[in-house]
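Reviewing the structure listed below.
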């Protein structure tokens, strides 16, 4: 190999630059946010694990079934019934949007546009508490 | 290991059966699957339609806008304060605008006098042959089996083809974010719209789904708005249509509008 020294040094510099973001941020991952559900209810419409991983899929199915097919009642795996509505069902329990939806969405850099139209729940207690601080 | 071709084929055959059985056992292993259905309380109709009895409407007190106000309140309809951006689901217009075909040079002055100051309530006609549905490139607007011409605001891209296609001017675009312009008390049970979507009357499908009649129909003290199912021969609306001479707006253009007028 001609100019082996230069080439190897070049490769090393290249590797250092390419992996810079990884080792620069190693060990500094921010802790996942603490979510406040804001309800005493123990069980969401499906299991917590499913809701955590797939609530967006469920909401999309609800949206399509309600708007396109006129089906508004959801019977979950254990036979309990719910009205399929983000604004009138979900937010009745998840009443603290900024401490629940937003915290996690901000953490994972997700930007859903649900609330452009759907009216978020009123969070007056929270606002009052914040102004006290 | 001594293996014959025959033995190999046997094993291969058995494994194919095994792989094929997997989905079947999966289905059997699952308990009750979640399912969705319409609300049993919902009003069911084969063809929703409306009659506007204009004689009764004229009996109301001067400048009565009960139907408009209640509709725009329950649906969070914004008021931008200028006619260019105006959003309206149900509104009042003059006779020559509502029935342009019926205003012709042969109407004499005495008849014209009667037509002047004859405001007509107009709304989306929920056509049987809706041109807005035909032109929508993303199927954001569609006709349901019960005749309601509906908007799926999630899908609308704001291209305004439907506004150009609608011969009744029943559709309006939100040029700006409508939230700050909702002058009425916000109805927290119904969404608002967002910038860049077209909106219109939905025959109160969210109320039909709960077993309620449209808000405008319930708000009218003169009972000038009659809502019902054309598919049911015993319904009130069919009786009204049997007993009265009714007209539709621009019926000659073939949209088959389903709002009928008694003038």
Item to check | the protein assembly as shown: Cα Rg divided by the 2.2 N^0.38 Å rule of thumb | outcome: 1.39
Checklist entry - By count of other Cβ within 10 Å, fewest leading, how are B:153, A:2 ordered? => result A:2, B:153
Checklist entry - Can you pull the mean other chain C-beta count within 10 Å for peptide B:33-45? => result 5
Item to check | Euclidean distance of C-alpha centroids, the range B:188-263 and the range B:100-132, integer Å | outcome: 18 Å
Next on the checklist: Give me Rg/Rg_expected for chain A, where Rg uses Cα atoms only and Rg_expected = 2.2 N^0.38 Å with N residues.
Outcome noted: 1.64
Checklist entry - Modelled label-to-label distance, residue B:4 and residue B:183, 7 Å Cα→beta-carbon offset: nm? => result 9.4 nm
Next on the checklist: Starting from 0.36 nm per residue, how many nanometres of slack lie between residue B:210 and residue B:244 once their C-alpha separation is accounted for?
Outcome noted: 9.2 nm
Checklist entry - What order do you get for B:121-130, A:92-101, A:11-20 when each peptide is scored by the mean count of other beta carbon atoms within 10 Å, highest first? => result B:121-130, A:92-101, A:11-20
Checklist entry - Going by how many other beta carbons lie within 10 Å of each one, how would you line up B:168, A:50, B:106, fewest first? => result B:106, A:50, B:168
Checklist entry - How crowded by other chains is B:182-194, given as the mean number of beta carbons from other chains within 10 Å of each beta carbon? => result 3
Item to check | Hull volume in cubic angstrom per residue (convex hull over the Cα atoms of the range A:48-125) | outcome: 110 Å³
Checklist entry - Averaged across the residues of A:42-51, what count of C-beta atoms belonging to other chains lies within 10 Å of each residue's C-beta? => result 0
Next on the checklist: Taking the beta-carbon count within 10 Å as an exposure proxy, list B:115, B:43 from fewest neighbours to most.
Outcome noted: B:115, B:43
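Only the coordinates and a few stated rules stand behind these numbers; no lab work does. Keep in mind it's a predicted model, so treat the numbers as computed, not measured. Cβ sites come from the backbone with ideal geometry, for glycine too, and all protein chains shown count toward neighbours.
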